[in-house]
Protein chains: 2
Amino acid sequence: MEQKTKINAEDGKQELLITREFDLPLELLFKAYVEPEILEQWMGTKVLKLENKKHGSWQFETTDPQGNKHGFSGVIHEFIDQQRITRTFEMENTSLGAQLEFLEFEKLGDDRSKLNMHIVYRSAAIRDQYLQFGMSRGMDLAHNRLQKVAEKLK
Amino acid sequence: MEQKTKINAEDGKQELLITREFDLPLELLFKAYVEPEILEQWMGTKVLKLENKKHGSWQFETTDPQGNKHGFSGVIHEFIDQQRITRTFEMENTSLGAQLEFLEFEKLGDDRSKLNMHIVYRSAAIRDQYLQFGMSRGMDLAHNRLQKVAEKLK
């Protein structure tokens, strides 16, 4: 089945360009990224901290089927309501290090919106590791859940 | 005169690798990056905020010869004393956006230390704009001042 979340990974580059269109008003798409109770449902993570503001920070945690906990965290460089979040992201206790993420939220219509995500990695090799982990399919599935969770809130 | 701060800018890449060796103990080099009163002297900026900790943030301001103020700010993703600072950096009120900086501080001897800086930009074009602004020469001069200011504190 074709993925709705499109990932553009140019060979040898240390970045990814990701887009996804949703059948959701912009307001609701943005909410799904900033309200912990919605985010936890579609990301499947526990939100330990989420300071939705410039110079804030965030921390999530997942538990795998074996019961091991995995942490993710970062800082929020910029936060513009319903427009843009620029943040860092790191999978804790790995050697992958920090990456910089530019999330842009775009209104396409009253009930249509688009996420444009640009991720910049420390190296092309680290980016490729994320892709090998199945990041593309994982993100598509997560966004499918986001659509389902958020459309109930319309 | 040959620059002591070396910048490696590979064609078409969205990153810079910068190294500089100092005739300073590691402790003093690190201090020059985290103590506002030292930093202000060699960077020529006013330190409005500098939270030296993981998930902290920072804000500097310079005044140009015409009296115009220029702001620089970002968030601190990681902070390990005398080892590493990972932070974002942005020149405010420009279209250059955020960049991600990895600063690593290395001991070479009792009185010798090295800064390894890796900057990752949103695009190669933005990186090249910084280089065209004279960033390479500017950083070399600033590091020369750092050496002079910090060696007085030995």
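Return only the number of the condition from (1) of a type outside the set (A, V, I, L, M, F, W, C); (2) without any contact (Cβ under 8 Å) to a residue 40 or more places away in the chain; (3) over 30 Å from residue B:11 (Cβ atoms) that residue A:31 does not satisfy.
Result: residue A:31 passes all but (2).
Would you please name the residue that is farthest from the other protein chains (Cβ to nearest Cβ), looking only at residues in region A:60-81 that are surrounded by 16 or more Cβ atoms within 10 Å (Cβ to Cβ) and closer than 25 Å to residue B:93 by Cα?
A:79
Can you tell me which residue is surrounded by the most Cβ atoms within 10 Å (Cβ to Cβ) among those in region B:91-106 that are in contact (Cβ under 8 Å) with a residue 12 or more places away in the chain and out of contact with any helix residue (DSSP H, G or I) (no Cβ under 8 Å at 6 or more places or on another chain)?
Filtering first and then ranking leaves B:100.
Which of the following residues is in contact with a strand residue (DSSP E or B) (Cβ under 9 Å, 6 or more places away or on another chain) and part of a loop (DSSP other than H, G, I, E, B): A:17, A:48, A:24?
Of the residues listed, the single one that is in contact with a strand residue (DSSP E or B) (Cβ under 9 Å, 6 or more places away or on another chain) and part of a loop (DSSP other than H, G, I, E, B) is A:24.
Can you tell which of B:24, B:16, B:39 is open to solvent by less than 10 Å² (accessible area, probe 1.4 Å), more than 11 Å from chain A (Cβ to nearest Cβ) and without any contact (Cβ under 8 Å) to a residue 24 or more places away in the chain?
B:39
For residue A:1, all conditions in the list (1) within 14 Å of chain B (Cβ to nearest Cβ); (2) modelled with pLDDT under 95 hold save one; what is the number of the exception?
Condition (1) is where residue A:1 drops out.
Does residue A:88 satisfy being open to solvent by 40 Å² or more (accessible area, probe 1.4 Å) and either more than 14 Å from chain B (Cβ to nearest Cβ) or not basic (Lys, Arg) (or both)?
So residue A:88 fails the test.
From the set of residues in region A:119-136 that are under 13 Å from the mean Cα position of the chain (by Cα) and open to solvent by 20 Å² or more (accessible area, probe 1.4 Å), which is farthest from the other protein chains (Cβ to nearest Cβ)?
Checking each candidate, the answer is A:136.
Mind checking which residues of region A:65-82 are free of Cβ contacts under 8 Å to residues at least 40 places away in the same chain and either part of a loop (DSSP other than H, G, I, E, B) or farther than 23 Å from residue A:19 by Cβ (or both)?
Scanning region A:65-82 gives A:65, A:66, A:67, A:68, A:69, A:70, A:71, A:73, A:75.
Test of understanding: among A:61, A:37, which residue is among the acidic types (Asp, Glu) and under 30 Å from residue A:128 (Cβ atoms)?
Matching residue, one of A:61, A:37: A:61.
The values are calculated or read from the model by the stated rules, or taken from the named source; none is laboratory data. In this text, all values refer to a predicted model and were calculated from it rather than measured experimentally. In this analysis, Cβ positions are derived from the backbone assuming ideal geometry, glycine residues included, and neighbour counts consider all displayed protein chains. For accessibility, only protein heavy atoms count, side chains too; no ligands or nucleic acids. Shrake-Rupley method; radii C 1.70, N 1.55, O 1.52, S 1.80 Å.
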